[in-house]
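Heads up: the structure comes next, in structure tokens.
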There are 2 protein chains.
Amino acid sequence: MSGPTPRSPVPRRPRRHDPGRRDRLIDAALTVIAERGVAGTTHREIARAADVPLGSMTYHFASLDEVLAEAFTRHADSVARVFDERLSAARDRDAAIEAVITLVSDDLLGARQDLVLSVELYVAAARNPALRTVTQAWMARSRQALERHFDATTARELDALIEGLVLHSALSTDPMTPEQIRHAICRHLR
Amino acid sequence: MSGPTPRSPVPRRPRRHDPGRRDRLIDAALTVIAERGVAGTTHREIARAADVPLGSMTYHFASLDEVLAEAFTRHADSVARVFDERLSAARDRDAAIEAVITLVSDDLLGARQDLVLSVELYVAAARNPALRTVTQAWMARSRQALERHFDATTARELDALIEGLVLHSALSTDPMTPEQIRHAICRHLR
DNA sequence: ACACCATACGTACAAGCGTACACATCTCAT
DNA sequence: ATGAGATGTGTACGCTTGTACGTATGGTGT
């Protein structure tokens, strides 16, 4: 019997009021970037990941570039914050060295998603001026954190070494072990 | 009558027989990747850069992925060859160190295009298995070249350091000077 | 209670994409 | 010289994309 349909036959999207949706969209964007790369990141893909309609994207963001910029800013901030915390907690140079080793071994190499995000940001920044600003602010901040314990030259070299170790490990078939990371860093600072 | 048109009224593309076109297309692809990034690399863009009709792309390559793979293979080969040459010419460890410094300062940081291409390859490889093979072969080859003069551990660390220095310099507002490069490398090998 | 308006939604559209394919033209073994 | 096969060309098609926009809805100040 074609009785009265007590529930709508096609389950219409129920949620209307959704404060903080913009934030969720930025998070969803980061997920999509990590999974599909910047090239595979589209309005539709982000909307799907956040389970919101397509129209919601154009309401909250003026363009796709704006989404990317906000997403990468959030990513850079969160990585930089960990950097700051770990290093400002170190009381002396030796503790700082340990902090750096932990940082690379656990925080950077451990979080596969963050790692991919960083490399994606690097190349996106090469083409997009807005993102280059984000990258440079991030680099400046991490270098500054290192300069709490090391002189400027050492800080810069260490920053580059870390970058190389992380990237190298990320793409290699056999990632470097924590012991190898420790060896490389201690050798440079010795 | 519509008299005999001695020359085609619209200046048709004149060149037909063009051996080696495939090679030129791969070179054009590298140019486009360097200028617009992998994301901005399309059949049409490559064809335009090489000044050939669109149809030529599908004749010479089965897919766009095939073009990318061939292009990156060529790029990796040419960089690796320079690596090999420079290092095999070095007679002792000191000469090898000088070779590495020259390599980074001049060959890698000097050629802005190659540098961008390398980073593009890194992220493309993160997503495309065929390209990951290319990257890994390249890394293995450069590490092997370093192992002519340094032990395995040092070679790997040096490889990572180089990667970091290059990437860091590429994205920074103030690129590292040759003296700074020399300092960083010598410090690690000291 | 009620009107306002920020927010949410669905859909449409032009542009650009990869690819396919029929047809034109050239080279070369015979 | 000539036919066959390799190579080159132009165009069309189906699809996805970013973005725009008219309409619906519900929280909030009054």
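Looking at segment B:145-165, is at least one residue away from chain A (no Cβ under 12 Å) and under 20 Å from the mean Cα position of the chain (by Cα)? Within segment B:145-165 (the criterion being away from chain A (no Cβ under 12 Å) and under 20 Å from the mean Cα position of the chain (by Cα)), the answer is yes, since at least one residue qualifies. In segment A:52-64, of all residues being more than 9 Å from DNA strand C (Cβ to nearest atom) and away from every other protein chain (no Cβ under 13 Å), the one that is nearest to A:Ala125 (Cα to Cα) corresponds to A:Ser63.
Of the helices (runs of 4 or more DSSP H) contained entirely in segment A:25-131, those carrying at least 3 residues that are surrounded by fewer than 16 Cβ atoms within 10 Å (Cβ to Cβ) and under 18 Å from the mean Cα position of the chain (by Cα) fall at A:64-89. For the structure I just gave you, tell me whether A:Ile46 is in contact with a helix residue (DSSP H, G or I) (Cβ under 7 Å, 6 or more places away or on another chain), under 30 Å from A:Arg190 (Cα atoms) and not small (Gly, Ala, Ser). Answer is no for this residue.
Contact map, segment A:157-181: residues that are without any contact (Cβ under 8 Å) to a residue 12 or more places away in the chain paired with residues that are of a type in the set (Phe, Trp, Tyr), Cβ distance under 8 Å, separation 6+ or inter-chain. Pairs shown: A:Leu171/B:Tyr122.
Every read-out reported here was derived from the displayed coordinates using simple, explicitly stated rules and does not represent laboratory data. Just so it is clear, the structure is predicted and the values come from calculations on it, not from any experiment. Quick reminder, even Gly has a Cβ in these numbers, built from the backbone with ideal geometry, and neighbours come from all protein chains shown.
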